[in-house]
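First up is the structure itself, then whatever we jot down about it.
The values are calculated or read from the model by the stated rules, or taken from the named source; none is laboratory data. On a predicted model such as this, the values are computed, not experimentally measured, just so you know. Don't worry about glycine lacking a Cβ; one is built from the backbone with ideal geometry, like all the others, and counts go over all protein chains shown. Just so you know, the surface numbers come from the protein's heavy atoms only, side chains and all, with ligands and any DNA or RNA stripped out. Shrake-Rupley method; radii C 1.70, N 1.55, O 1.52, S 1.80 Å.
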Amino acid sequence: SQELLMDVELKYGTGTVRIPIPDRAIVSVLEPLNLPVVTSVEKALAAALDSPAGKGLDALVRERGARSVAIAVPDETRPTPTREVLPLLLERIRSATQGTPSAEITLFVGGGLHPPADSEAIERILPAAVTRGCRVVAHDAGKPEMLDYGTTSRGTPVRINRRYGSADLKIVVGQVDPHQFVGFTGGSKGAVIGCASSETIEKNHSLMFQPGAQVGRLKGNPVREDLNEAGRMAGIDFAVDFVLDADRRVVHLAAGDPDAVLESCAAVCAKVYGVEIGEKFDIVVASCGGHPKDICLYQAQKGLNLASHALKPGGHILLLAASPQGVGDDVYFDYVSRFPSPQEAVRDFKSAGFRMGAHKAYLFGQTLVNYDVAVFSDLEPQVLRTCHLRPADPVAVIEEWVSRFPGTPRVAVVPSANTTYFYPKACARAGAKNHQPTEEESR
């Protein structure tokens, strides 16, 4: 971070917003580390496929006698370079399956509990020019056509899209990002959550209340370890994962065994997005990181949660979240609408038990009861107020907070709040991949 007196320009949807910070504030920019960008994603992917972590595609095809191949890819909420990498991946698969009668490749847009991708979204994610010769399926977690693989040691029923699960060879393509309670995304998550039943997703995510369910943590994280176990039970054969920088450029990729690929990418991801801080701040200005991180309010909550970890108790936080697709989840909006305050939503959720969708009201509420939160968004002000969020003009609210602060306020600017997480200054940055946040740090 660096201390400046400045105007800041932050990503907002597909554009930017400029916010002047009054001169009497001390401003620190808490931004991801810049790593060298992969100059040719295609060449790097070819090298990763040639030297995979574990068994390669050729060996897996031979073992499986693969007449059918299923590939899970993320929906629009994840900026994975799917269109750039699929042609080479499909070419390698077809080369490996030559001589296999009627080998069929099906691509699954795995959005978990997000609404299934419609035809327009599918064309944006998987253009017809890229998917020629493949079937494309938008996963729907509400449909009953699931394969049952049993129950994990933590009690999660592993139920996966039947068409995906019944393929001879199961592949997942994804992005490794910090996640507020999974630790890191990636690995088999894109299949065992992206292509799972609602029961699987709900039970797994209910583990977020257990010790160790923290951002930046793999080992000892019950949610992440449950996902890995589910992936092994469902027989996810192969993963291709990417780490992107704040400008959505590839800085690392790996291919092979899903758990090994996850570890490789998470170590790099921690270096990029784990930021050390000393004393926490009085005011935080947080951008989710622009599209698609702020595609809807449901996704933007992650940025609010992670950015709040850099804030003193009772401090002020401004979240920039364009949310062109609205709130993003009807269950969340219907639930939060029932309560006049975040305190009551949190109390009800704790007493009634875990429910997907409603859990976002709890996660929002945990931040709202501890900090003063304002939101700049394209959403209607009344919609924000229904979600217990204060709509605000970013320039005016920062001026208000700084002018009313007794003394000199310390302001943190977080340009990539959905992915940046914080750890104490005592922990060396080079060791971020091994740092496990304490319970206090994760609140």
Accessible surface of the stretch 335-388 [probe 1.4 Å, protein heavy atoms]: carbon and sulfur percent: 46 percent
Farthest positive-ward along the stretch 352-400 dipole, Cα basis, beta-carbon charges - from ILE398, ALA358, LEU368: ALA358
Cβ-placed point charges (K, R +1; D, E -1), dipole of the stretch 39-160 about Cα centre in debye, nearest 20: 340 debye
Unit charges on C-beta of K, R, D, E only; dipole of the chain, Debye: 700 debye
Beta bridges by DSSP in the stretch 7-113, antiparallel share as percent, to the nearest 5: 45 percent
Folded to 0 to 90 degrees: helix 358-368 orientation relative to the chain principal axis, Cα: 30 degrees
Cβ charges +1 (Lys, Arg) and -1 (Asp, Glu), total dipole of the stretch 267-334, debye: 260 debye
Helix-derived mean residue ellipticity, 222 nm - over the chain, DSSP H n ≥ 4, -39500 (n - 2.57), to 500: -9500 deg cm²/dmol
Solvent-accessible area, 1.4 Å probe, carbon plus sulfur percent, for the stretch 36-152: 50 percent
Considering only the chain, percent of DSSP beta bridges that pair antiparallel, nearest 5: 30 percent
Calculated diffusion of the stretch 132-182, Stokes-Einstein form, Kirkwood radius summed over Cα pairs, 20 °C and 1.002 mPa s, µm²/s: 158 µm²/s
Solvent exposure of the stretch 74-228 as accessible area per residue, Å², 1.4 Å probe: 37 Å²
Spin-label model distance (nm) - VAL369 vs SER95, 7 Å beyond Cα toward Cβ: 5.7 nm
Whichever aspartates and glutamates have a C-alpha closer than 16 Å to that of LYS11, once near sequence neighbours (fewer than 8 apart) are set aside: GLU31, ASP245, ASP247, ASP294, ASP378, ASP393
20 °C / 1.002 mPa s Stokes-Einstein diffusion coefficient of the stretch 366-408, Kirkwood radius on C-alpha pairs, µm²/s: 187 µm²/s
Options LEU57, THR14, ALA25, ranked by Cα towards positive dipole end of the stretch 1-70, top entry (Cβ charges): LEU57
Gyration tensor verdict on the stretch 307-377 (Cα atoms; rounded if a/c is under 1.5, prolate if a/b is larger than b/c, oblate otherwise): oblate
Principal semi-axes in Å for the stretch 165-218 [√(5λ), Cα gyration tensor, largest first]: 22, 15, 7
Folded to 0 to 90 degrees: helix 258-273 orientation relative to the chain principal axis, Cα: 30 degrees
Accessible area (Å², per residue) of the stretch 1-57, counting only protein heavy atoms and a probe of 1.4 Å: 57 Å²
Efficiency of FRET between GLU279 and ASP58 - r from beta-carbon atoms, R0 60 angstrom, step 0.05: 0.65
Tilt relative to the chain, helix 222-234 - C-alpha long axis, 0 to 90 degrees, to 10: 10 degrees
